[in-house]
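So the structure is just underneath, and the comments pick up after that.
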Amino acid sequence: MSYQVIRDTCQLISQGDLDTARLRILSGFPFVPLENAGRNYSDVQKTQIFIRDGFIDRYSGEKLVFPPVLRLMSKLMSDEFPYHSNWKMSECHIAYWQLSPTIDHIVPVARGGADEESNWACTSQLRNSAKANWLLEELGWELHPPGDLREWDGLLHWYVDYANDHAEIKADPWFRGWLRTAENVIN
């Protein structure tokens, strides 16, 4: 156990035997530098993962919402459903943290995880932030099964229908980009 190595090392330090303490750490709990693979995925790839995982937070099993749906709500109801470009908690509806999907690396890249689809999971911004660079077992979390798109599609199809029916939404470059992404992935 890791704590035993630390305990033994501290006893050796207390005895003034720093050389043996160093050897104990090196043999029992060595530092292993990891290479950070970085993060690199497009909106299309993210949407494909959201769909693959059924718009389910794979760490909690809770349903998530296609990102432009929340922004559209803020555009149409800015006082009731405020948005802040930096998600400032005092100025942005909490739904952005709780319901916006993002991609998380199941094994964090900072811990040597690969930046590839097999290591990606859909999760909420909130849980992505809480998980940070920790492994699931270190947090006592588990990977929930993907959702069923026939039961919940994150309002993806609703967004496509709404955007296509409202020229002012399609005229906005940000919303138009997400519309193209959604249509690309659906087709």
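Numerical summary
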read-out	value
Theoretical FRET efficiency, 1/(1+(r/R0)^6), r = Cβ-Cβ of His144 and Arg7, R0 41 Å, to 0.05	0.65
Nearest-ten-degree value, helix 173-186 long axis tilted from longest Cα axis of the chain	80
Relative contact order %, the chain, counting alpha carbon pairs below 8 Å whose residues are six or more apart	26
Charged-residue dipole, Cβ positions (Lys, Arg, Asp, Glu), region 137-187 about Cα centre, Debye nearest 20	380
Peptides 179-185, 18-24 ordered by average Cβ neighbours within 10 Å, highest first	179-185, 18-24
Calculated [θ] (222 nm, deg cm²/dmol) that DSSP helices of n ≥ 4 give over the chain, each run adding -39,500 (n - 2.57)	-13500 deg cm²/dmol
Rel. contact order, % - alpha carbon contacts under 8 angstrom, at least six apart, region 84-187	17
Cα centre as origin, Lys/Arg/Asp/Glu Cβ charges: region 49-187 dipole, Debye	260
Farthest positive-ward along the chain dipole, Cα basis, beta-carbon charges - from Leu139, Thr181, Ala21	Ala21
Lysines with Cα under 27 Å of Lys131, excluding same-chain neighbours fewer than 8 positions away	Lys46, Lys63, Lys88
Cβ-based net charge around Ser2, under 14 Å, with every Lys or Arg adding one and every Asp or Glu removing one	-1
Rounded tilt (10° steps) of 2-14 against the dominant C-alpha axis of the chain	40
Cα long-axis angle, helix 43-52 against the chain (0 to 90 degrees, to the nearest 10)	80
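Read the figures in this text as sums done on the coordinates, not as results from a lab. Bear in mind the structure is a predicted one, so any value in this text is a computation, not a measurement. Reconstructed Cβ throughout: ideal geometry from the backbone, glycine too, with neighbour counts over all protein chains shown.
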